[in-house]
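A.B. asks: Supplied in structure tokens, the structure appears directly below.
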Amino acid sequence: MRSTNDIGRRRLLGSALAMAATGTMASCTSSTPPRGGNPTVPEPLAYLRTSWSIDPFALCSYSYLAPSSLGARARAMLAAPVADRLYFAGEATSSEAPSTAHGALESGRRAAAQVISAAEEGEHIVIIGSGFAGIGCARALVDQDYQVTVLEGRDRIGGRIWTQHIAGVPAEMGASWIHGSSGNAMTAILKETGDPSYAFDYDNSTGEDEQAMRELAAYEKKLGDVDDPNEATVASVMPRDPSAALRTALNINYPLEYAAEPSQLSVEATLGGRDLKGPDLLLPRGYDRMLAHLRGDIPVRVRQVVARIQYGADGVTVTLRDGSTVRADRAVITVPIGVLKAAAIGFEPALPDAKQEAVKALGAGLLDKLWLEFPEPFWDKDVDVIEWSDPGNPSLWSWWVNGYRAFGKPVLLGFNGGDQAHRLAKASDGEVVDSAMRALRHMYS
């Protein structure tokens, strides 16, 4: 089997979803310290924060496999059409590339192929959601001369692709990387745009506790020996009272990879998906440009909040929150797993039991980001990754991306996943920024 280390650090953090708060903070004088010195850590000039768990159009970051008898079959069950009228797409339906933007794109194209195989020429298809799954599906259908209506509940297009800016560089609030760029459908779109990319090197890091990672790897070898990887949790092979260093390693390899704790993840969750080949890429001009390129001139109706979907032999009726309706022959649903688990959209008749079981078996993970802009770098400008272990709280602010190396601007990007992300989701912007700053000042004191 592949260990988490083999596939981790590559798919890591790539499909976080977000609702952002933005702000500016007063600056103070700082200078770039010499290596090995005791730099003064200034106040940030600006920040961008995500909080996906309170975004009503996400209610999570991305899916994971929780312990269940279904195992990986849950994704295929979620992807299965219902009555040749309802089709499902999104990263949660991808068995080959779950929790990734390219998995979402592939799922949208797969749903389009399913529609085409069942539909008559020129039918009207309504697509719910305008992320890569929805736009990928719409593009495939429009190119085959189907009538398409894309509905998006937010006031912006993109779903879990959301590019904002800080310090003049793209701050990805959702997906950040193209994971496994060799042979990737997303890489093909990038080539069409002509945009540059930055090959991210997870091994070019500072602060990693190699001994703790080796200790974790020894425990991870036991994952291949569990009797039932569908029902067993990752935590079942881990020590009950890990050291602070091992807790940090666990956090980096699980909550920051799968957006869930080891106690929430089935062993099967660590085995799924195809191998990723080629370097992971960051996008110096932003992920949203690729989505716009794929979309072209396809219209998207924003602020269209879907409340109910009725389906039957004569087609589908989508009822919006304002009471208006959209009639179509078929519907493609691309909303996140968090929205499906919350039953935010009603279905008449109710979805089949197998579909509901699949929704129950998939977890709704949480991974949140904090972008910070500073007057100048006070950290090592030559690394891609900064790791740290807080002795008092080892899973808090343990993994950072150096935006200076990737984008040439003094920005840092910090992550929290799983339980830490849920705790911080309840905090104010100021409390989150203060928490991050305390960590940075301990790191560089």
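All of the numbers you see were taken from the coordinates with simple rules; none came from a lab. Because the structure is predicted, anything quoted here is derived from the model rather than measured. Ideal geometry is used to build each Cβ from the backbone, glycine not excepted, and the neighbour counts take in all protein chains shown.
A.B. asks: Semi-axes of the chain's equivalent ellipsoid from the Cα gyration tensor, sqrt of 5 times each eigenvalue, largest first, rounded to whole Å?
C.D. replies: Over the Cα atoms of the chain, the semi-axes work out to 37, 25, 19 Å.
A.B. asks: Order of Y62, Y146, Y87, Y47 from fewest to most other C-beta atoms within 10 Å?
C.D. replies: The most exposed by this proxy come first: Y146, Y47, Y87, Y62.
A.B. asks: Let me understand segment 247-326 better: what is its radius of gyration from the alpha carbons, and its Dmax, in angstrom?
C.D. replies: Rg, Dmax (Cα atoms, Å): 20.5, 55.
A.B. asks: With each run of n ≥ 4 DSSP H residues scored as -39500 (n - 2.57), what mean residue ellipticity at 222 nm is computed for the chain after dividing by its residue count and rounding to the nearest 500 deg cm²/dmol?
C.D. replies: So the helix-based figure for the chain works out to -8000 deg cm²/dmol.
A.B. asks: Before anything else, pin down the relative contact order of the chain: Cα pairs under 8 Å, at least 6 apart, normalised by residue count, whole percent.
C.D. replies: The normalised contact order for the chain reaches 27 percent.
A.B. asks: Here's something else I'd like to know. Take the alpha carbon atoms of segment 331-369, find their center, do the same for segment 371-445, and report the distance between the two centers in whole angstrom.
C.D. replies: The two parts, judged by their Cα centres, are 32 Å apart.
A.B. asks: Related question: Report, for the chain, the % of DSSP beta bridges that are antiparallel, rounded to 5.
C.D. replies: Within the chain, antiparallel bridges account for around 70 percent of the total.
A.B. asks: What list do you get for E257, E231 if you sort them by fewest beta carbons within 10 Å?
C.D. replies: Final ranking by Cβ density, sparse to dense: E231, E257.
A.B. asks: Compute the label zone of K409 within segment 157-181: residues whose backbone N is under 13 Å from the point 7 Å along Cα-to-Cβ.
C.D. replies: Answer for segment 157-181: 163-173.
A.B. asks: Under 9 Å from the Cβ of S389, count the other residues' Cβ atoms, weight Lys and Arg +1, Asp and Glu -1, and hand me the total.
C.D. replies: After counting each charged neighbour, the total is -2.
A.B. asks: So how do C60, C137 line up by other beta-carbon neighbours within 10 Å, fewest first?
C.D. replies: Final ranking by Cβ density, sparse to dense: C60, C137.
A.B. asks: How large is the translational diffusion coefficient of segment 106-187 in µm² per second when you combine the Kirkwood radius over alpha carbon pairs with Stokes-Einstein at 4 °C and 1.567 mPa s?
C.D. replies: Estimated diffusion coefficient is 92 µm²/s.
A.B. asks: Over the Cα atoms of segment 150-299, how large are the radius of gyration and the largest Cα-Cα distance (Dmax), in Å?
C.D. replies: 19.0, 55
A.B. asks: Using packing as a proxy for protection, rank 63-74, 183-194 so that the peptide with the highest average count of other Cβ atoms within 10 Å comes first.
C.D. replies: 63-74, 183-194
A.B. asks: In square nanometres and to one decimal, what's the mean projected area of the convex hull around the Cα atoms of segment 322-418?
C.D. replies: 11.5
A.B. asks: Still on this model: Take the residue pairs K221/K277; K277/K381; K360/K426; K191/K360; K341/K369 and return only those whose Cα atoms are more than 29 Å apart.
C.D. replies: In this structure, K191/K360 lie more than 29 Å apart at Cα.
A.B. asks: Given the Cα atoms of segment 65-119, and with Rh set as the inverse mean 1/r over their pairs in the Kirkwood sense, what is Rg to Rh to two decimals?
C.D. replies: The Rg/Rh ratio comes out at 1.00.
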